[in-house]
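Student: For reference, the structure I am asking about is given below.
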Amino acid sequence: MISKIISRILPHMPEKLVWQVSKTYIAGESVEDAVAASRALNREQTMVTIDILGEFIENMDQAKVNRDEYIHLIREIENQDIHGNYSVKPTMFGLLLDEEICYEYIREIVATAASFNNFIRIDMEDSPCVDMSIKLFRRIKQEFPDNIGLVLQAYLRRTLSDMESMLDLKTDTIDLNFRLCKGIYVEPPEIAYQDYHEINTHYLEDLEFMMKNGVYAAIATHDKPVIQGALDLIKKYDLPRERYEFQMLYGVTPKQRRKLVRQGHRVRVYVPYGKHWFGYSTRRLKENPNMVSHVVKAFFQKG
Ligand SMILES: Cc1cc2nc3c(=O)[nH]c(=O)nc-3n(C[C@H](O)[C@H](O)[C@H](O)COP(=O)(O)OP(=O)(O)OC[C@H]3O[C@@H](n4cnc5c(N)ncnc54)[C@H](O)[C@@H]3O)c2cc1C
């Protein structure tokens, strides 16, 4: 209830105040900010995946601007010797407005990353986007098999069958690379598990499926029991270090992240940046008020 109230009030608070909270989770407004945050993480033997903030656009002109911004970002970063790749949200390129142009724009971004031998991860957004995002991934993977990955959400009841249906994309020479997360959007019980323990059980089932089938596993979670479950599976399947990585969000549970690095695991941090941080932060909180408790907790812990 309190989380809901705070998430409604936040959009009306002064930007400066909201920034005090958001800066823990957002690298800044410019490419230079993203570079600085990425360098600091690289110094801690942590890889990055960089994301430009902004979703759900209103017209295709904005989609074009977003495409140009990503291409600019990639060209800048690839000159900077940063150990990292990129994440994109399809709705930023018009997934819900013009699927074909969205495909063309993301294809161009992947082609740019591929020209530097790098990699683009398609983030998964809310449930109306899932089928279209999988279709987009399939299409681009045909052309750039080594340069694209997808995110799947363990809270969706469909996820295991989605994984099964995509195994045809994997061959002896072509890898399949999924980031598995719990899922951040509010979805109805008909399509998504709601209970914490049930989501965790399915998370580990999905992860085991990936390991059994030789799918590269990007294990995106901060949840201790899930991390422990993943470590147990890594041991069970004797998974080589190069076949998985842990992923965490910028500013979230840094101690846990460093512990995994010390234990010898590969870790990547999701680094969001961009001019639209205010709208992004407040919209995210409105979408899922439970995030407020995390944010508030982190704020006071920091203080
Ligand atoms: C690298 C990465 C990429 C992601 N990409 C996507 C995506 O494409 N699509 C999607 O739907 N979701 C994505 N997510 C979000 C994900 O789905 C979860 O909502 C989020 O990670 C919280 O789940 P959890 O596994 O950490 O477990 P939870 O049970 O939610 O959290 C476990 C504990 O982690 C800590 N924690 C978690 N989140 C926060 C936070 N924001 N601030 C402070 N503490 C926190 C708290 O201590 C909490 O008790 C991504 C997450 C990560 C790490």
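The values are calculated or read from the model by the stated rules, or taken from the named source; none is laboratory data. Only a predicted model underlies this, so the values are computations on that prediction, with no experimental measurement involved. Ideal geometry is used to build each Cβ from the backbone, glycine not excepted, and the neighbour counts take in all protein chains shown. Keep in mind that these areas ignore ligands, DNA and RNA; they rest on the heavy atoms of the full protein, side chains included. Shrake-Rupley method; radii C 1.70, N 1.55, O 1.52, S 1.80 Å.
Student: Round to the nearest 10 and report in Å² the accessible area of residue 39, as given by a 1.4 Å probe over the protein chains' heavy atoms.
Tutor: 90
Student: Please tell me the relative contact order of the chain in percent, rounded to the nearest whole number, where contacts are Cα pairs under 8 Å and at least six residues apart.
Tutor: Relative contact order, the chain: 27 percent.
Student: Which one, 149, 94, 267, projects farthest toward the positive side of the charge dipole computed for the chain from Cβ point charges (K/R +1, D/E -1)?
Tutor: 267
Student: Is the shape of the chain best called rounded, prolate or oblate, per the rule: a/c under 1.5 gives rounded, else a/b larger than b/c gives prolate, else oblate, with a ≥ b ≥ c the square roots of the Cα gyration tensor eigenvalues?
Tutor: Numbers: a/c = 1.25, a/b = 1.10, b/c = 1.14.
The shape class here is rounded.
Student: Okay, next question. Note down the magnitude of the dipole of the range 63-199 about its Cα centre, charges +1 on Lys and Arg C-beta and -1 on Asp and Glu C-beta and zero elsewhere, to the nearest 20 debye. Intermediate values should be presented prior to the final figure.
Tutor: Values: 15 positive and 25 negative charges, 16 e Å.
Around 80 debye, computed over the range 63-199.
Student: Determine the per residue accessible area of the chain with all protein chains present and a 1.4 angstrom probe, expressed in square angstrom.
Tutor: 48
Student: Taking the Cα centre of the chain as origin and charging only Cβ (+1 Lys, Arg; -1 Asp, Glu), how large is the dipole, in debye to the nearest 20? Please list the in-between numbers first.
Tutor: On the way: 40 positive and 43 negative charges, 298 e Å.
The dipole of the chain has a size of about 1440 debye.
Student: Assuming 0.36 nm per residue, please report the length gained on full extension of the stretch residue 24 to residue 115 beyond their Cα-Cα distance.
Tutor: 29.5 nm
Student: How much of the accessible area of the chain, in percent, comes from carbon and sulfur atoms when a 1.4 Å probe is used?
Tutor: Working: 7720 of 14560 Å².
Reported share for carbon and sulfur atoms: 53 percent.
Student: Taking the Cβ of residue 34 as the centre, find all other residues whose Cβ is under 10 Å away and add up their charges (Lys, Arg: +1; Asp, Glu: -1).
Tutor: My count for the surroundings of residue 34 gives -4.
Student: Starting from 0.36 nm per residue, how many nanometres of slack lie between residue 255 and residue 83 once their C-alpha separation is accounted for?
Tutor: 59.9 nm
Student: For the chain, set up a GNM with springs between Cα atoms under 10 Å and report which of 171, 24, 91 has the largest fluctuation.
Tutor: Judging by the Gaussian network model, the answer is 171.
Student: Work out how much length residue 146 to residue 241 would gain on full extension: take 0.36 nm times their residue separation and subtract the Cα-Cα distance, in nm to one decimal.
Tutor: Residue separation times 0.36 nm, minus the Cα-Cα distance, leaves 32.3 nm.
Student: A follow-up question, please. For residue 223, what residues show an amide H to amide H distance below 5 Å, using hydrogens built from the backbone and excluding near sequence neighbours?
Tutor: So residue 223 has HN proximity to no qualifying residue.
Student: Taking 7 Å along the Cα-to-C-beta vector as the label spot, tell me the residue 135-residue 4 distance in nanometres, rounded to one decimal.
Tutor: With each label placed 7 Å out from Cα toward Cβ, I get 3.5 nm.
Student: For the charge dipole of the chain, defined by +1 on Lys and Arg C-beta atoms and -1 on Asp and Glu C-beta atoms about the Cα centroid, which residue among 71, 59, 214 has the Cα displaced farthest towards the positive pole?
Tutor: Towards the positive end, the residue furthest out is 214.
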